[in-house]
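The next block holds one structure in the form of structure tokens; read it before the comments.
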């Protein structure tokens, strides 16, 4: 039998090889090992030789760093079709798909072949999109995006990011978008920007709560605040530069010129600083209304008071000169009421928590949530941070005394889930539209079928990170999706050798 005996384990063989290969092994080691394992001396030498080969080969220096595993890929029609669909999903044009596949798989495909493959996949995607009818009732948001001169409307779920509608239409009036919104599940709240066509469509579809988007108000507001701050700092730098030139001058005439210019620049800098400070004060008044919770009371903000505050700021901006101030004044005046339409639905969502844990405890936890949310949005002055930290600690002690450790965490998780929803706008639909834009830009001609394929692929792809990680939008709304969603388009699974 010799070295081929199966009852001698690998660890035993390794120990035998080590003892035999040791340069200063005691005399009679080979004979002892042969007697212990009941094999011949020749078998011991063969095991030692095999161990030496394994050690030499295993310890041979190789390339540094991680090395990708080698795989053999069989290039067949199915793999080419799958590659075409995935590259199109990534926003590659049809001619670009042909070039990518030629470089990666050494296979030249004509643009007409790519177009035919995509047309078939788009038809399958359209059929699946029409067949899927989620029953989950969630808040929705919509946004328009234009491509090749035609409007496209996207409607997405704020919780799942599932695309409920993605359609291309020749016009964007109220009747057109109203018909689209009638074809989706009736939402408790629909959010969009202040576009007139979409607003008219929401009215035609009899959506009770049409929430306007806060981001379209705050983004230009804080953008202008940043520009005014830059202008103020630039004016101060100009004053310092002129002061340095004054110190370097020696002749009376030159000193007089620098002094006159310095006084002019200082007056201009003071005016810009005053303007910046005044606008920042107004911006903070508007931004404070964005918070869901009033820290003083721990309750939801009063929508009537918030509306009045926004309109009052808008009236003050009417006296400011410039197109940006005219726009901000108009938005604050006309959007004020629509920006707070979420509050009745939010109050209804919080009411079960109040009944279970009490109003006082929920108010304390609401303060904590709002303080932490504000810290993530804007850096606060040191004095205000200290005051809020004391309020945070006081609210935590109050909630702990009322609920205890176990119920405190249960109430906190439930309240955070409610307040963490996207209540105040259509930002999520605009995020999905940012993924759609490369697809539209990569095609000279876009049609409804192109949108159907994008909608299908977006709904079945799992998220890689975030609170929805490892879940696809379709899975979050209760739809059954296989691990390889491309087989729904009639494609076979990938085969690797």
Neighbours by Cβ (under 6 Å, 6+ apart or cross-chain): first from the range 67-92, over 16 Å from residue 125 (Cβ atoms); second in a helix (DSSP H, G or I): 75/105; 83/101; 91/438; 91/439
Test: residue in the range 355-366 that is touching a strand residue (DSSP E or B) at 6+ places or on another chain (Cβ under 7 Å), at pLDDT 95 or above, part of a helix (DSSP H, G or I) and more than 30 Å from residue 317 (Cβ to Cβ): yes
Meets criteria (out of contact with any strand residue (DSSP E or B) (no Cβ under 9 Å at 6 or more places or on another chain), surrounded by fewer than 14 Cβ atoms within 10 Å (Cβ to Cβ), assigned to a helix (DSSP H, G or I) and at pLDDT 95 or above) for residue 405: no
Extreme residue, surrounded by the most Cβ atoms within 10 Å (Cβ to Cβ), among residues of the range 80-116 that are within 26 Å of the chain's Cα centre (by Cα) and over 18 Å from residue 487 (Cα atoms): 92
Out of 437, 443, 424, sole residue that is in a loop (DSSP other than H, G, I, E, B), touching a strand residue (DSSP E or B) at 6+ places or on another chain (Cβ under 9 Å), modelled with pLDDT under 90 and within 28 Å of residue 141 (Cβ to Cβ): 443
Any hit, the range 277-289, residues being assigned to a helix (DSSP H, G or I), without any contact (Cβ under 8 Å) to a residue 24 or more places away in the chain, touching a helix residue (DSSP H, G or I) at 6+ places or on another chain (Cβ under 9 Å) and crowded, with 17+ Cβ neighbours inside 10 Å: no
Filter result for residue 73 (surrounded by 12 or more Cβ atoms within 10 Å (Cβ to Cβ), at negative phi and in contact with a strand residue (DSSP E or B) (Cβ under 7 Å, 6 or more places away or on another chain)): yes
Residue among 123, 130 that is out of contact with any helix residue (DSSP H, G or I) (no Cβ under 8 Å at 6 or more places or on another chain) and closer than 25 Å to residue 170 by Cβ: 130
Residues within the range 116-136 that are in contact (Cβ under 8 Å) with a residue 24 or more places away in the chain and not in a loop (DSSP other than H, G, I, E, B), tallied: 12
Cross-chain or 6+ apart pairs with Cβ under 6 Å, the range 42-59 first and in contact (Cβ under 8 Å) with a residue 60 or more places away in the chain and at positive phi, then surrounded by 14 or more Cβ atoms within 10 Å (Cβ to Cβ) and assigned to a helix (DSSP H, G or I): none
Count of the range 158-179 residues which are crowded, with 21+ Cβ neighbours inside 10 Å and over 16 Å from residue 139 (Cβ atoms): 2
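Rundown of residues vs (1) loosely packed, with under 13 Cβ neighbours inside 10 Å; (2) part of a loop (DSSP other than H, G, I, E, B), yes/no style:
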position: 254; (1), (2): no, no
position: 259; (1), (2): no, no
position: 267; (1), (2): yes, no
position: 298; (1), (2): no, yes
position: 304; (1), (2): yes, no
position: 315; (1), (2): yes, no
position: 325; (1), (2): no, no
Subset tally (residues that are closer than 17 Å to residue 5 by Cβ and either in a loop (DSSP other than H, G, I, E, B) or at pLDDT 90 or above (or both)) for the range 18-41: 3
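The values are calculated or read from the model by the stated rules, or taken from the named source; none is laboratory data. Nothing here was measured: the structure is a model prediction, and the numbers come from that model. Every residue, glycine as well, gets a Cβ built from its backbone with ideal geometry; the counts of neighbours run over all protein chains shown.
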